[in-house]
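To start, the structure itself, in structure tokens.
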Amino acid sequence: MISNFSDAALGQVMVATTDHGGHPPEFWATHTTNKIVSISENAPPHIRLQAEALRDHIYEVVLAGIQNAIVSAKTTQTAELTKQGHLDMAKIIKEL
């Protein structure tokens, strides 16, 4: 099957820059939450309140998941460096 790329849509593109490092977990939690939950400006007030409460809860869940993933990745990196005998590097990663 041959795809016709002229029919492909790029969609919305987001650009966000930082100085001297990556984005914090809160940035990614907000970005992810906004992709999951969209609230219409025309929503009735009672629906808007419920949707905002849901969005806030999803943000907290996503943020906790991202923070746990960071800790888990550091643990894996530290374990691998320790296994390879790079104790000084493992200590640095652990302290970050």
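The values are calculated or read from the model by the stated rules, or taken from the named source; none is laboratory data. No experiment lies behind these values; they were computed from the predicted model shown. Backbone-built Cβ (ideal geometry, glycine too); neighbour counts: all protein chains shown. These area figures cover heavy atoms from the full protein model, side chains too; ligands, DNA and RNA do not enter into them. Shrake-Rupley method; radii C 1.70, N 1.55, O 1.52, S 1.80 Å.
If you plug the beta carbon distance of residue 27 and residue 82 into 1/(1 + (r/R0)^6) with R0 = 22 Å, you get a FRET efficiency near 0.15. Note on residue 35: aspartates and glutamates with a C-alpha under 19 Å away, same-chain residues under 8 apart excluded, are 26, 52, 56, 60. Computed per residue of the chain from DSSP H runs no shorter than four, each worth -39500 (n - 2.57), the mean residue ellipticity at 222 nm is -21500 deg cm²/dmol.
Result for the chain in a Gaussian network model with C-alpha springs under 10 Å: among 32, 76, 18, the largest mean-square fluctuation is at 18.
Heavy-atom accessible area, probed at 1.4 angstrom with all protein chains present, ranks 74, 91 as 91, 74, highest first. Comparing 16, 43, 29 in a Gaussian network model of the chain where C-alpha atoms under 10 Å apart are linked, the largest mean-square fluctuation is found at 16. Name the most mobile residue of 47, 58, 70, meaning the one with the largest mean-square fluctuation, in a Gaussian network model of the chain with Cα contacts below 10 Å. Looking only at 47, 58, 70, the largest GNM fluctuation is found for 47. The mean accessible area for residues of the chain, using a 1.4 Å probe and ignoring ligands and nucleic acids, is 83 Å² per residue.
Rounded to 0.05, the FRET efficiency of the residue 37 and residue 14 pair, given R0 = 22 Å and the Cβ-Cβ distance, is 0.85.
Taking the 1.4 Å solvent-accessible surface of the chain as the whole, the part contributed by carbon and sulfur is 59%.
This model, with +1 at the C-beta of Lys and Arg and -1 at the C-beta of Asp and Glu, gives the chain a dipole about its Cα centre of some 260 debye.
Candidates (1) 71, 30, 22; (2) 59, 46, 30; (3) 48, 36, 23; which is the computed Cα extents along the principal axes in Å? Calculated Cα extents along the principal axes in Å: the matching label is (2).
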